[in-house]
1. Which residues, taken from the range 139-163, are within 15 Å of residue 202 (Cα to Cα) and either among the hydrophobic types (A, V, I, L, M, F, W, C) or touching a His at 6+ places or on another chain (Cβ under 7 Å) (or both)?
2. Would you tally the residues in the range 55-74 being assigned to a loop (DSSP other than H, G, I, E, B), on the phi < 0 side of the Ramachandran plot and either at pLDDT 95 or above or surrounded by fewer than 21 Cβ atoms within 10 Å (Cβ to Cβ) (or both)?
3. Could you check how many residues of the range 359-382 are crowded, with 18+ Cβ neighbours inside 10 Å and either part of a loop (DSSP other than H, G, I, E, B) or at pLDDT below 95 (or both)?
4. Could you give me the residue pairs with C-beta distances under 6 Å whose first residue belongs to the range 40-67 and is farther than 14 Å from residue 341 by Cβ and touching a residue at least 40 places away in the same chain (Cβ under 8 Å), whose second residue is open to solvent by 30 Å² or more (accessible area, probe 1.4 Å) and part of a strand (DSSP E or B) wherever it lies, and which are 6+ apart or on separate chains?
5. Can you go through 217, 288 and tell me which one is over 25 Å from residue 165 (Cβ atoms) and free of Cβ contacts under 8 Å to residues at least 12 places away in the same chain?
6. Name every residue in the range 112-141 that is charged (D, E, K, R) and over 19 Å from residue 157 (Cβ atoms), in order of residue number.
7. Can you pull out the residues in the range 233-264 that are at pLDDT below 95 and among the charged types (D, E, K, R)?
8. Would you say residue 239 is within 19 Å of residue 174 (Cα to Cα), β-branched (Val, Ile, Thr) and more than 15 Å from the chain's Cα centre (by Cα)?
Amino acid sequence: MLTLIKNGAVYTPTYIGSQDILLMEGKIAKIGEISEEVVRELGVETTIVDATGKVVTPGFIDPHVHLIGGGGEGGFATRTPELQLSDVVSAGITTVVGLLGTDGTTRHMTSLLAKARGLEEEGISTFIYTGNYHVPTPTITGSVKDDVIIIDKVIGAGEIAISDSRSGQPTVDEIAKVVAEARIGGLLSGKAGVTHFHVGPGKERLSLLHKIIDNYELPPSKIYATHINRSKELVDDAIELARKGAFVDLTAGEDTYELIGYYKENGGDMDQLTISSDGNGSLPKFDEAGNLVGLGVASQKTLYQQVVAAVKTNGMALEEVLPLVTSNTARALHFETKGNVREGMDADLLVLSEETLELEHVFAKGQHMVHNQTVITKGTFE
């Protein structure tokens with residue numbers, strides 16, 4: 001089965017002009033001027049997608065997703081549901097990284113691993129972090145390092161909570177040990193070995209992470225802090241952390257596109273910034289006394305909407321915004337075949353309306369998931 005995407009304005013995420021792209025066996029086989037007649041003469045079943053007047057981009061990578069749900073801060077009835085395949089692909093996402101959140105007792109690492117394997121079988125690429133908010137953090141083998149080394153889908157530790165009333169209130173020494181274990185596991189297995197940090201609204205902000213970088217023999221690139229959009233003061237702190245070489249991540253919300261602009265205008269290193277959805281995670285609201293006063297569920301579609309808003313409302317160039325959900329994320333997580341449109345890379349591609357950036361086609365590892373704005377490949381029980 002071959003797929004030929006014709007005449008699209010291709011972003012790698014850098015714009016390279018109008019190109020044809022041939023997909024074969026889950027990979028990008030060729031980019032350039034490709035004759036439809038020659039391809040058909042091969043005698044192989046071929047799908048032709050006319051991308052005239054459209055843009056072609058890498059599939060989005062979402063580095064923070066609650067695959068088996070999250071939440072529970074308001075009691076057992078507030079546990080959020082599992083993610084479904086159509087939720088992912090309808091948001092233009094072709095690769096996800098799953099994690100646990102607050103609850104590492106009734107939600108388990110083995111369940112997260114099984115869900116990731118299931119979604120992979122259904123067509124997208126999946127990875128997971130080992131652990132949850134707390135330190136010591138739950139693992140599968142009993143060790144962060146061993147999980148990263150032994151379990152193929154585990155690429156690091158997370159999400160470890162800091163500056164939050166729901167965290168285990170770890171010391172800098174305790175979280176430095178987690179970062180060290182994840183890093184060593186990554187070295188020995190050829191993986192990213194990052195530690196992904198949930199950052200709460202606390203007054204300490206990113207101080208623990210600055211201390212790790214300043215006082216320990218640990219590479220800053222192995223620190224990956226998320227939820228940095230809680231306040232402009234936290235964004236300012238994240239700008240400083242990124243300058244030291246750490247990766248920082250905005251959680252997609254109603255005003256994320258404005259914070260992308262704020263980060264850039266205040267000297268933030270755009271190469272160290274990513275965006276994630278927090279998909280199927282709970283969105284609790286607490287009052288000043290720490291009481292739960294409201295609860296929502298995060299949608300992966302918000303990620304796609306904020307990318308569009310950054311371009312259409314904020315006036316940023318598409319090739320400046322795309323890396324935040326493609327190549328930057330791939331670099332942070334060492335996904336060598338993801339996040340770029342190049343020959344030999346995984347055939348994870350989006351076809352968008354050039355005028356509106358509306359999502360029209362999604363390909364994940366070469367499989368057609370969304371066709372003419374309709375999800376055509378759904379999960380087993382959808």
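1. Hits for the range 139-163 are 160, 161, 162.
2. Residues that pass the stated criteria total 6.
3. 4
4. 50/6; 52/7
5. Unique residue meeting the criteria: 217.
6. Applying the first criterion (charged (D, E, K, R)) to the range 112-141 yields 115, 117, 120-122.
Of everything in the range 112-141, those that are charged (D, E, K, R) and over 19 Å from residue 157 (Cβ atoms) turn out to be 117, 120, 121, 122.
7. 254, 255
8. It is false that residue 239 is within 19 Å of residue 174 (Cα to Cα), β-branched (Val, Ile, Thr) and more than 15 Å from the chain's Cα centre (by Cα).
The values are calculated or read from the model by the stated rules, or taken from the named source; none is laboratory data. Small disclaimer: the values here were computed from a predicted structure and weren't measured. FYI the Cβ positions are ideal-geometry reconstructions off the backbone, even for glycines, and counts take in every protein chain you see. With ligands, DNA and RNA removed, areas are computed over all heavy atoms of the protein, side chains included. Shrake-Rupley method; radii C 1.70, N 1.55, O 1.52, S 1.80 Å.
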